[in-house]
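The values are calculated or read from the model by the stated rules, or taken from the named source; none is laboratory data. This is a predicted model, so every value here is computed, not measured. Cβ sites come from the backbone with ideal geometry, for glycine too, and all protein chains shown count toward neighbours. Heads up: the accessible areas ignore ligands, DNA and RNA and are worked out on the full protein's heavy atoms, side chains in. Shrake-Rupley method; radii C 1.70, N 1.55, O 1.52, S 1.80 Å.
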Amino acid sequence: MSANDFRVAIAGGGIGGMATALALANHGIASEVYERREAFPEEGAGIQIGPNGTRILQRLGVAEFLQAHAATPDVLSVRDGKTGRELTRLPLGTWIAERHGAPYWTAHRRDLHVALRARAEANPLIDLRTGIEIASFVTEPDGITATGTRGETLKASALVCADGLWSNLRNKIAPGASPQPAGKVAFRCVIPAGDLAPEFTPNAVHIWLAPGAHVVHYPVNAGRDIALVVIADDTMRERGWDTSASAATVHEKVRDYAPPLQALIATANDWRCWSLYRMPPLERLSTGRATLLGDAAHPVLPFLAQGAVLALEDAITLAAALTDRRSDVEASLQNYEQARRPRARRVVEASQRNGRIYHMAGATALARNTTMRLAPPARVMAGFDWLYGWRL
Ligand SMILES: Cc1cc2nc3c(=O)[nH]c(=O)nc-3n(C[C@H](O)[C@H](O)[C@H](O)COP(=O)(O)OP(=O)(O)OC[C@H]3O[C@@H](n4cnc5c(N)ncnc54)[C@H](O)[C@@H]3O)c2cc1C
């Protein structure tokens, strides 16, 4: 394959795969995105996109598509779940946009995916192919050959495995690594914003903390709807993103919560749930001309709302690395991996730590609440500069 034929195959047309194709196209590199599903489903619920993610969406030309569907919450209000008392009110809105040069958005995952796809479909350097599941690959001296489950053979200069949490290609790169249950389940539902009691600031991210469970709700669909998330200890092990859950199960998880939150939860009926998984950091992300990206490389628990954003960061880092060393793909993948592994590890660990703090009980929870009440909000947010201030 000559330098003029340089093109990248991407396995997985989720958030990471689409963003990678767009980032490569920004550098003039052609790609083919192979998505195993025949069509893109509407599954999923809310997703938060911090400034480190929206800055990338601006760069990819996606922000202008998503803006009309996203919300820009003014504050993050943290409450004690049992008493309902507000512990702190952290600035988002213009404060965080000015600090980091990009906004903090909340959106429906579907809207983020639709915006990425719209940009990708309009780009002549990107070829989207659905209904093709990549099963294997072999690195050759002049390229890489990937094989689909129905015997399709695809040739490219490099292969990006953006095939999500349950990546089957990961086994070719990091044999034996697999997600382990975190012992928690996320229950999700989207309700009309009109169902939110007037006492709650509508344009805010709300977090309610209680032992073994927390609840998050925030605006999506340009503020017309509210995404409700209950994350609680649970032994269920589901692999899908669209398992239905009974309202009674969710009510049971929040039975000790303050009445206003219980009332809010009671307005929701159409609950979906998925089990949370974690995975120890991989020893390597690449082999030959293939590399892992997004959840396939480093699944992250949702306690820092960074799953989609890490995939966006990966995408622009990989595209820049491939552009710098197009003539030596294996070296460029090593550069990508060296840049991403420490960053992803830090975010994954910070998420786990946040989860422990959110679900504290007894005296430690009381100490947490006191600390939150006393800490100056702007100083708390400055502690996340390393996260939201990320730039390539
Ligand atoms: C349908 C769906 C709904 C989701 N909803 C939410 C949500 O509401 N909130 C949230 O926080 N996170 C959600 N997630 C997860 C979130 O998108 C990811 O954690 C994050 O965006 C990282 O993106 P990713 O591209 O690495 O993985 P994903 O977004 O999971 O994308 C992986 C893609 O690869 C495809 N794929 C898998 N194997 C192959 C293969 N061998 N060949 C070709 N294609 C393959 C999958 O069908 C999928 O489209 C959802 C994921 C999916 C797939």
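Looking for something open to solvent by 50 Å² or more (accessible area, probe 1.4 Å) and touching a residue at least 12 places away in the same chain (Cβ under 8 Å) - is there at least one such residue anywhere in region 307-318? Checking region 307-318: not a single residue is open to solvent by 50 Å² or more (accessible area, probe 1.4 Å) and touching a residue at least 12 places away in the same chain (Cβ under 8 Å). Restrict the check to region 139-153 and report whether at least one residue is assigned to a strand (DSSP E or B) and open to solvent by 60 Å² or more (accessible area, probe 1.4 Å). Yes - at least one qualifying residue is present in region 139-153.
Scan the strands (runs of 3 or more DSSP E) fully inside region 173-270 and keep the ones with 2 or more residues being closer than 27 Å to PRO91 by Cβ and either free of Cβ contacts under 8 Å to residues at least 60 places away in the same chain or in the same structural domain as PRO73 (by the TED database) (or both). It would help to see each step written out before you state the result.
On the way: elements: 180-192, 204-210, 213-220, 225-233, 243-245.
Strands (runs of 3 or more DSSP E) meeting the threshold: 180-192, 204-210, 213-220, 225-233.
Away from the ligand (no atom under 11 Å from the Cβ) and outside the structural domain of ASP233 (by the TED database): does that describe ARG379?
In short, no.
Look at PRO260 and say whether it is closer than 23 Å to ARG353 by Cβ, surrounded by fewer than 16 Cβ atoms within 10 Å (Cβ to Cβ) and not aliphatic (A, V, I, L, M).
Here the answer is no, as PRO260 does not meet what is asked.
All conditions but one from (1) farther than 19 Å from ALA146 by Cβ; (2) assigned to a helix (DSSP H, G or I); (3) small (Gly, Ala, Ser) apply to SER332; the one that does not is (1). Could you check, for region 47-64, whether at least one of its residues is more than 13 Å from the ligand (Cβ to nearest atom), surrounded by fewer than 24 Cβ atoms within 10 Å (Cβ to Cβ) and part of a strand (DSSP E or B)? No, every residue in region 47-64 fails to be more than 13 Å from the ligand (Cβ to nearest atom), surrounded by fewer than 24 Cβ atoms within 10 Å (Cβ to Cβ) and part of a strand (DSSP E or B). The set of residues in region 192-221 being of a type in the set (Gly, Ala, Ser) and at negative phi consists of ALA193, GLY194, ALA197, ALA204, ALA210, ALA213. Contact map, region 40-66: first residue without any contact (Cβ under 8 Å) to a residue 60 or more places away in the chain, second residue within 14 Å of the ligand (Cβ to nearest atom) and acidic (Asp, Glu), Cβ cut-off under 7 Å, separation 6 or more or different chains; pairs are LEU66/ASP111.
Select from region 74-117 the residues that are within 16 Å of the ligand (Cβ to nearest atom) and touching a helix residue (DSSP H, G or I) at 6+ places or on another chain (Cβ under 7 Å) and list them in ascending order.
Passing the criteria: TYR104, TRP105, ALA107, HIS108, ASP111, LEU112, HIS113, ALA115, LEU116, ARG117.
Here ASP80, ASP74 are screened, and the one residue that is over 28 Å from ALA146 (Cβ atoms) and open to solvent by 70 Å² or more (accessible area, probe 1.4 Å) is ASP74. Scanning region 2-39 for residues that are within 8 Å of the ligand (Cβ to nearest atom), of a type in the set (A, V, I, L, M, F, W, C) and more than 13 Å from ALA315 (Cβ to Cβ) turns up just one, ALA11. Of all residues in region 123-138, those being surrounded by 16 or more Cβ atoms within 10 Å (Cβ to Cβ) and not acidic (Asp, Glu) number 8.
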